[in-house]
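Structure first, then comments.
The values are calculated or read from the model by the stated rules, or taken from the named source; none is laboratory data. Bear in mind that the values here come from a model prediction, so they are computed numbers and not experimental data. With ideal geometry, Cβ positions are generated from the backbone for all residues, glycine too; neighbour counts draw on all protein chains shown.
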């Protein structure tokens, strides 16, 4: 499936911001099952410094510095990305979760793709005994790893209410867990904290969902904004698999990956610091359309 | 003479007897090594000169000298901050006066072992941030690195400036019952305490001056010179600017940051003193941005850059990591060096030592098992009773290891089950270590020596000629008799460490040796933040002085009901209320009540206690730049203002209180004018004072003086402006309007006059860095010049008091101009806030 992606983000400030430094993670990169055919980012006001690098986890990162006083900061990404479904994997045929835990703990890989980086508490996903306790019900002794993770995802989807008013960007997972409410970011964090509490590697993924569902299917939650989900490690033989607790979906071809990290703090689409105060407004618009459809509409 | 004993052996016998009596109650703990006493209860020979000297001095003299050492510590302002104390209090550094002695051969072996260990840790750092061969080869599990919050992913693949990660290294050592030294922990993030070691040496040498020479105690100064030289060598731009990056005055070891920076001649900077431009780091100073090529880092790496590290840090420098990556700045120790401190690594160091150095480590670490591996888990669960559990990565584990280590033998059955479960599910977070028993050393207690367990910290610096070991160190001595290392996490006292040499030691002083350090008359441009604080310190102190003068004058008039006081009392009270010094809700109450309120209430913005507290707080952030005496005067004054005033005779007490406070302020002014060098800091302090005094003088004059002003009121004005003596020495007549106004406003030689303040302001601005002879003067200089001219041209008989309002406004404008020009501060910082949905 080939998607045309368009994202527009606009921050507005009550008082002019004289200087800002940002880290932008809004450019998708090639990954297993994903090929970026074209991408472009435009930023206003014009930055005085612009450095593009790859971070530890292989995400594309743009460092920018703006020295023009501004009350409005906008970013726009255009990309064309081809997404391929991962090879089929029967959850019941993955190794049991205790074996996965042992494999992760004894890994000899320290590179960005290694499960070891997603095994420990991280800044936005600190350990929580309550979440771990809740997650452990999905992992009776000997259960295959992916089967347990899918079960956990379904429980999360069933027990929690999607509510964009209940939390904000810095709500700790344990707080969202306590009220059983939140948005994709909270659900992804809760699932990650639960899995890690059991010694199982889980990563945080940011990205996009296709905006309109294929005919006959329901529109997905989170399609109008930047979305987040979870990637779980199923042992060295199978590697990582995407699970979307917000939609109770095993990730196939409806998701486009933007960045992967330990939690939100590693992948925030726009990070950084701005000098001055006067937080006011934010608007995010995302459009993910299969190329064939757009062509069809145009023609 | 028959029967006479030879004098020398007589001395020796007396000495032996005296030492024996000194040691009479000394009982080393059973099964533990004692530094001073051998297993047979005999003092070790190399301790004899020290013991003999203490015995010879006698109990009283020893105590007198130790008290002198404490006074030295107190006077030099040595303190550390206690976080859990209510209000984050400061404590004087507690010194245990008896030093630890170490023999030459033993020290040589210890030092060699530490050098070897430093080399190994440096190699491990280079590997982990480079190719990670140690992980791929299986010598170190990946999870034992990845779980470490000090493994800084943004720094992976970044070569440190000059190729060195660790510039400073410290190790905590303990001596086991078998007499061997063990490494208890490694300090690689930003080793602290070297400054305290230096201060301890100064204090103890003061108490026992002849002994350090007689016993050939190796000096510390050389080590610091070498450290300074090697850090300065990292400066590529040749500007020679090294910044010591501190988290700020609230940090527990801030004193040491200030002390070390002063001792080494580095600029003490906080994150918001610095800014990154084009991948280079600059200090914001009163003379603009000045490049800093080297940062000696005492701020934990995670807090050093909110952009790429902990985004919540308010202490860091946005863009620092990028500057490091581009090679624009050297950070010592390199960001990420803290990763090798983790207990998780300890268990793997022996084989790693062989792998990276090709030799066995001579100095053992405490036996350690990381529970991420099945074999280690089995060992730990089998031997739990002999082990101590700690978090693998120095990060507390909620619900399990929150406050310090757990001793296996002390666990109750429920705890034990919990521990076993945690080790099984998340063993990666947990480390078990052998329960180490420490050796003991003597401490002086109530006139006797007693044995107490201790930990020794030793410091090493990387130099061009390899690692150099500081010949001495820093002992933390326990207050209790429990010799288990785990109980030594906090508290206790510190002791000096004397490394003995075989022959006489070269008498280098602790002051820099002249042939190695260039003579300097300035310390580089003043950071803007410091200038801002000096300026406001000046303003607060002066405002407090004006308020106190007002209060003293008022309470004098109230008690003595002096002639002509009536009208001016009302005016003065109105002034007090207008300044926010007295509460408006008491306006109709007795004047005495208002005076008392202004002297004691802390919630009044213009009241004396509030102003003095503001002054003290402002001073506390630039304490490293103030003399200890000046600082203490302010601290004492603040304490004075917190004392209650007894209700009985409160009016007389009020006068007394204001008077005492004014004398303390005069002492502060004396220290400021006599003890501060005339560099930019002093100028900003004085600018603040002059502007504030100018404003107060204008206000006093225009409120009190009317066309038909009485002699009594003029006398009040003279008293407020501290000009009575001058007036009476010049004029025999009673106070009359024109001479008083001339003296208080226009007389350029009266240090209290408005004209005098204005002249000083102009002089300061002329010298400060914004002044360039070849350019038109900046706005504030022109403003000041106009005021100077106005004062010169005015005449007392014609002066219009309404004009003083304009002068007041000009002075405030001047204050804003100075702030705008020199205090280039960082604005508050926010982060973007998109929530993923």
Restricting to segment B:402-452, name every residue that is closer than 27 Å to residue A:119 by Cα and part of a strand (DSSP E or B). B:406, B:407, B:430, B:431, B:432, B:433, B:434
Residue by residue through segment A:91-108, note down the ones that are within 14 Å of chain B (Cβ to nearest Cβ) and either over 25 Å from residue A:259 (Cα atoms) or at pLDDT below 95 (or both). A:97, A:98, A:99, A:102, A:106
Go through the residues of segment A:63-70 one by one and say whether even a single one is under 30 Å from residue A:236 (Cβ atoms), within 13 Å of chain B (Cβ to nearest Cβ), touching a helix residue (DSSP H, G or I) at 6+ places or on another chain (Cβ under 9 Å) and buried (at least 19 other Cβ atoms within 10 Å of the Cβ). no
Any idea which residue in segment B:153-164 is nearest to residue B:462 (Cα to Cα), counting only those that are assigned to a loop (DSSP other than H, G, I, E, B) and more than 9 Å from every other protein chain (Cβ to nearest Cβ)? B:164
Just to confirm my filter: which helices (runs of 4 or more DSSP H) fall fully inside segment B:691-799 and include at least 2 residues that are farther than 25 Å from residue B:541 by Cα? B:711-720, B:724-730, B:737-741, B:779-793
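Scan A:158, A:149, A:141, A:130 and give me the residue that is over 30 Å from residue B:137 (Cα atoms), out of contact with any helix residue (DSSP H, G or I) (no Cβ under 6 Å at 6 or more places or on another chain) and part of a loop (DSSP other than H, G, I, E, B).
After applying the criteria, what remains is A:141.
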How many residues of segment B:224-269 are assigned to a helix (DSSP H, G or I) and either within 22 Å of residue B:473 (Cβ to Cβ) or under 19 Å from the mean Cα position of the chain (by Cα) (or both)? The answer is 19
Please work out if residue B:198 is more than 24 Å from residue B:393 (Cα to Cα) and either modelled with pLDDT of 95 or more or outside any loop (DSSP other than H, G, I, E, B) (or both). yes
Take residue A:42 and tell me if it is part of a strand (DSSP E or B), loosely packed, with under 14 Cβ neighbours inside 10 Å and at pLDDT 95 or above. yes
Output the residues belonging to segment B:464-478 that are touching a strand residue (DSSP E or B) at 6+ places or on another chain (Cβ under 9 Å) and outside any strand (DSSP E or B). B:470, B:471, B:472, B:473, B:478
Can you pull out the residues in segment A:164-187 that are buried (at least 24 other Cβ atoms within 10 Å of the Cβ), part of a helix (DSSP H, G or I) and out of contact with any helix residue (DSSP H, G or I) (no Cβ under 8 Å at 6 or more places or on another chain)? A:184
Within segment A:83-90, can one find any residue that is assigned to a loop (DSSP other than H, G, I, E, B), away from chain B (no Cβ under 12 Å), within 21 Å of the chain's Cα centre (by Cα) and surrounded by 16 or more Cβ atoms within 10 Å (Cβ to Cβ)? yes
Across segment A:188-222, the tally of residues that are surrounded by 24 or more Cβ atoms within 10 Å (Cβ to Cβ), more than 11 Å from chain B (Cβ to nearest Cβ) and either touching a helix residue (DSSP H, G or I) at 6+ places or on another chain (Cβ under 7 Å) or assigned to a loop (DSSP other than H, G, I, E, B) (or both) stands at 7
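Check A:9, A:53, A:111 and return the single one that is part of a strand (DSSP E or B), within 12 Å of chain B (Cβ to nearest Cβ) and under 27 Å from residue A:202 (Cα atoms).
A:53
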Can you tell me which condition residue A:21 does not meet? The list is (1) more than 21 Å from the chain's Cα centre (by Cα); (2) modelled with pLDDT of 95 or more; (3) within 11 Å of chain B (Cβ to nearest Cβ), and all the others hold. (2)
Here's a check for you: in segment A:223-256, which residue that is part of a strand (DSSP E or B) and within 14 Å of another protein chain (Cβ to nearest Cβ) is surrounded by the fewest Cβ atoms within 10 Å (Cβ to Cβ)? A:256
Output the residues belonging to segment B:598-625 that are without any contact (Cβ under 8 Å) to a residue 40 or more places away in the chain and crowded, with 19+ Cβ neighbours inside 10 Å. B:604, B:609, B:610, B:613, B:616
Within segment B:387-400, can one find any residue that is out of contact with any strand residue (DSSP E or B) (no Cβ under 9 Å at 6 or more places or on another chain) and away from chain A (no Cβ under 14 Å)? no
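So that you can scan it fast, the table gives a plain yes or no per residue for (1) in contact with a helix residue (DSSP H, G or I) (Cβ under 8 Å, 6 or more places away or on another chain); (2) within 12 Å of chain A (Cβ to nearest Cβ); (3) closer than 22 Å to residue B:126 by Cβ; (4) surrounded by fewer than 19 Cβ atoms within 10 Å (Cβ to Cβ):
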site: B:283; (1), (2), (3), (4): yes, no, no, no
site: B:290; (1), (2), (3), (4): no, no, no, yes
site: B:295; (1), (2), (3), (4): no, no, yes, no
site: B:309; (1), (2), (3), (4): yes, yes, yes, no
site: B:313; (1), (2), (3), (4): yes, yes, no, no
site: B:319; (1), (2), (3), (4): no, yes, no, no
site: B:345; (1), (2), (3), (4): yes, no, yes, no
site: B:372; (1), (2), (3), (4): yes, yes, no, no
site: B:385; (1), (2), (3), (4): yes, no, no, yes
